[in-house]
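What follows is a single structure, written as C-alpha cells, with notes after it.
The values are calculated or read from the model by the stated rules, or taken from the named source; none is laboratory data. Keep in mind that what you see is a predicted model, and the values were worked out from it rather than measured. Backbone-built Cβ (ideal geometry, glycine too); neighbour counts: all protein chains shown. For the accessible areas, the whole protein counts, side chains as well, though only heavy atoms, and no ligand, DNA or RNA atoms are used. Shrake-Rupley method; radii C 1.70, N 1.55, O 1.52, S 1.80 Å.
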Amino acid sequence: MKREVDSLRNQRFDLLILGGGITGAGVALDATLRGFRTALIDKGDFASGTSSVSSKLVHGGLRYLEHGGFHLVYEALHERRLLLKNAFPYVRPLRFVIPFYRRSRMPAWKARAGLVLYDVLAGSSNLRRSRPLSTEMLRQEFPGIQDDQLLGGAEYYDAQMDDARLCLSVVRTAALQGARVANYVQAIAFQKREGKVVSVRARDQVTGAEFEIRARQVLNATGPWTDEVARLAGDTAEPLLQPTKGVHLIVSRKDLNGALLLLHPVDGRVFFVIPWMEKTLIGTTDTITEESPDSLSVTPAEIDYLLEGYNGYFQTALKSSEVLGTFAGLRPLMRSGSGKPSSLSREYRIMKSLSGLISVAGGKYTTYRRMAEVITDTISRRLGRRGPCRTRSFLLDGALPNPQSVAEVVRLRSSVRSLTTSATSVSREMECLRQSCPLLDERDARHLVLRYGWRVRDVIEYLRSDSEGLTPIIPGEPDLRGEWAYQCDHEMAIDPADFWLRRTRLGLFHPEIIGTRI
Ligand SMILES: Cc1cc2nc3c(=O)[nH]c(=O)nc-3n(C[C@H](O)[C@H](O)[C@H](O)COP(=O)(O)OP(=O)(O)OC[C@H]3O[C@@H](n4cnc5c(N)ncnc54)[C@H](O)[C@@H]3O)c2cc1C
C-alpha cells in the first residue's frame, strides 16, 4: 500500500472520502467493491482520530439494553459475527465476567435478565450462552477480587480487536481493490460550481504541496471533526455532533481470566477492566466536552476516577504511579436532547447539505461495515448507479479463515486463552512461521500471526533480512525491530508516531519512545 498522491491530482473520482478512520475506511472498501472510482484521504495518519483510542471491543453493547437500545444491540451482535468471520484474527472472541454484589445499583436478577436478552438478540450469532459463576470461581479466576458482599457472577462472550490495525487493514483492503488512498493529506477548502461541491483543495502535509481532488461526490467522514469540515464547505446548519470524551488507563498485566464489566462505585456507570496486548486496560470515562479533538489531554481527575473504579473491586489498591500510559478520544455522537452522556445515542445519521456534501455523524466501531453499507447505498442513489454490497462476506487482507464458526465456538469448552489462540488457522500459520524462521519463539510467532494474519509471510522477509530484525524493540515486549521497515514500506508509516502509536502500540505504554526512531 503506497501513498497515491499523484493519482489523487490526476483523476476525477466518483467518490472522495475525507477521513481515514473506520467510518471512511469502511465506505472506501464498500464503494470500491461496488465499482466506484474511490479516493480516501486523512489529514493525519489513518486511524489517528477516535479509531485508535476506543475500548477495542467488538460488542453488542450489553449496557445499551438499559436504555432500550435493542435494535442497536441486535445489529451490533450480528456485525460482530461478520467481523469474526471476515477479520479473524484481527477480531477475536473475548470472555467477559460480571461480578454481582449485594450493594450494587444493578440487582443480580436484572443483570441476569439482561444477559438472557443479550443471548436471545444474538440468536445464531451468539458465541456462547451466558452462564452463572459461583463466588468461588470468581475468587479463583480473578485473584484479589473484592469478595465482601459478593454474590457470584456471570460470564458472557463478546470480541476484541486492535482498533488502529483493524482500520489500517480495511484501508489496505480497499487500496488492493483499487481505491486511491493517502494519509497526511488534509482537505483545506471546497470548490463549488453553481453552489455544488465539485472538488476539494487538499494539502499534502508531507511536502506542503496543494492541489485539487475532483469528485462527483464528497463524503465527510471526519468523526469528531465533522462539524468543522461541514463549516469549511459553507454549511451553516446546526452542529450535528455532541462529542463525549473517553479516557483509558493502561497498567501492567493483571492475572485476569477475561475482561470484567463493572459499575463505578461513585456514580454507578459501566466501565471495563480488559486484558489487551499483554497489558490491562481500564476504561472508560464518558463526559460531554467542548475540547478540540486536536488537543485532547488526560487530566489527573480522570486518572483518579478510573483508579477509584478499579480499586473498588480489588483488595490491592492500584496507585497512579503504576499507570503505564493513558489515552483519550472523542465519541462523535449525534447531538440530541438527552443531557446524560451515557444515554446519548450510538446510532448514526447521514446528512445531505445543499452543497451536495454528505456528512455522517455518530455510530460505533463495531457496526462500521453496516454503516458503510447504508452510506454507500445513499451515494449509489446519488450517482445513479447501483451495485450490490459485497462486504458481508469479503475477507479483509491478511485475514485467516476462521475455524471458529459460531457453531464451533459454541462447542468449544475451553478457557479464554484457547478460544483466542488455539484456532487451527492461527496455529497452522504459527507452525509455518517457526519452520521458516526457527529463531522465533512461540510468543513471537503468536504475536506476529495475530497482528498480520497471513501477511506475516511478507513480514518474515523483513525480520530475516536485517541482523537485528528479530530483536525485540523493547526488552520484554513482543514487537520486533524488523517490523519497522515492513510498516514503512507496506503500511504507509511516515511519522515515528505512526509506528509507535498505531502500527505497534508500544508508545501507549512506553510514552518515552514517541518521537524517537529505530
Ligand atoms: C473512549 C472511546 C471508546 C470507544 N469504544 C468503542 C468500542 O469498544 N467499541 C465500539 O464499537 N466503538 C467504540 N467507540 C466508538 C468508535 O471508536 C467510534 O465510533 C469510531 O472510531 C469513529 O470513527 P470515525 O472514522 O467516524 O472517526 P475518526 O476515527 O475520528 O476518524 C476521523 C478522521 O478524519 C480525519 N480528518 C479530520 N479532518 C480532516 C480533514 N480536514 N481532511 C482529511 N481528514 C480529516 C481525522 O484525522 C481522523 O483520522 C469508542 C469511542 C471512544 C471515544
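For SER297 and ALA189, FRET efficiency with R0 = 30 Å and r from the beta-carbon atoms, rounded to 0.05?
So, using R0 = 30 Å, E works out to roughly 0.55.
Looking at region 132-227, which GluC sites (Glu not before Pro) are in a loop (DSSP not H, G, I, E or B) and have at most 12 other Cβ atoms within 10 Å?
GLU194
Excluding same-chain residues fewer than 8 positions from LYS2, which lysines have a Cα within less than 20 Å of its Cα?
Partners within reach: LYS43.
With +1 assigned to the C-beta of every Lys and Arg and -1 to the C-beta of every Asp and Glu, and no other charges, what is the dipole magnitude of the chain about the Cα centre in debye, to the nearest 20?
It comes to approximately 1880 debye.
Would you mind working out the accessible area per residue for region 1-101, using a 1.4 Å probe, and quoting it in Å²?
Averaged over the residues of region 1-101, the accessible area is 26 Å².
Using alpha-carbon positions, what is the distance between the centroids of region 114-171 and region 219-235, in Å?
Centre-to-centre (Cα) distance: 37 Å.
Given LYS245/LYS364; LYS254/LYS364; LYS110/LYS245; LYS196/LYS352, which pairs have Cα atoms separated by over 22 Å?
On the way: LYS245/LYS364 14 Å; LYS254/LYS364 28 Å; LYS110/LYS245 28 Å; LYS196/LYS352 12 Å.
From the list (LYS245/LYS364; LYS254/LYS364; LYS110/LYS245; LYS196/LYS352), the Cα-Cα distance tops 22 Å for LYS254/LYS364; LYS110/LYS245.
Can you give the Kirkwood hydrodynamic radius for the chain, in Å, rounded to one decimal and based on Cα pairs?
Radius from the Kirkwood sum: 23.6 Å.
Report in % the part of the accessible area of the chain that belongs to carbon and sulfur, leaving out ligands and nucleic acids; probe 1.4 Å.
The nonpolar share, carbon plus sulfur, comes to 51 percent.
Once you have all Cα-Cα distances for region 90-245, histogram them in 5 Å bins from zero and send the whole-percent values.
Each 5 Å bin holds this share of Cα pairs: 2, 7, 11, 11, 11, 10, 9, 7, 8, 9, 8, 5, 2, 0, 0.
Normalised by the number of residues in the chain, what is the relative contact order in percent for Cα pairs under 8 Å and 6+ residues apart?
20
Quick one: if you stick a label point 7 Å off each Cα along the C-beta vector at ALA237 and ASP267, how many nm between them?
Taking the simple label geometry, ALA237 and ASP267 are separated by 3.0 nm.
Suppose the chain between ASP147 and THR378 were pulled fully straight at 0.36 nm per residue; how much longer would it get relative to their current alpha carbon spacing?
My answer for the length gained is 77.9 nm.
Please give the contour-minus-distance gain from THR316 to ARG253: 0.36 nm per residue of separation, less the Cα-Cα distance, rounded to one decimal in nm.
21.3 nm
If amide hydrogens are placed 1.01 Å from N in the peptide plane, which non-local residues have theirs closer than 5 Å to the one on LEU40?
ILE17, ARG180, VAL181, ALA182
Provide the gained length on full extension for the span ARG102 to GLU66, in nm with one decimal, where the gain is 0.36 nm per separating residue minus the Cα-Cα distance.
Residue separation times 0.36 nm, minus the Cα-Cα distance, leaves 11.0 nm.
In region 159-254, which trypsin sites (Lys or Arg not before Pro) fall in coil by DSSP and have 16 or fewer other Cβ atoms within 10 Å?
Numbers: sites: ARG165, ARG172, ARG180, LYS192, ARG193, LYS196, ARG201, ARG203, ARG214, ARG216, ARG231, LYS245, ARG253, LYS254; in loops: ARG253, LYS254.
The qualifying sites are ARG253.
At SER125 and LEU354, where each label point lies 7 Å from the Cα along Cα→Cβ, what is the point-to-point distance in nanometres?
Each label point lies 7 Å from its Cα, and together they span 4.0 nm.
Hand me the GluC sites (Glu not before Pro) from region 435-512 located in a DSSP loop with no more than 14 other Cβ atoms within 10 Å, in residue order please.
Passing sites in region 435-512 are GLU468.
Between ASP466 and GLN140, with labels modelled 7 Å along Cα→Cβ, what's the label distance in nm to one decimal, could you check?
For ASP466 paired with GLN140, the spin-label model returns 4.5 nm.
Taking the dipole about the Cα centre of region 189-278, with the C-beta of Lys and Arg at +1 and of Asp and Glu at -1, give me whichever of LEU262, PRO224, VAL206 is farthest to the positive side.
VAL206
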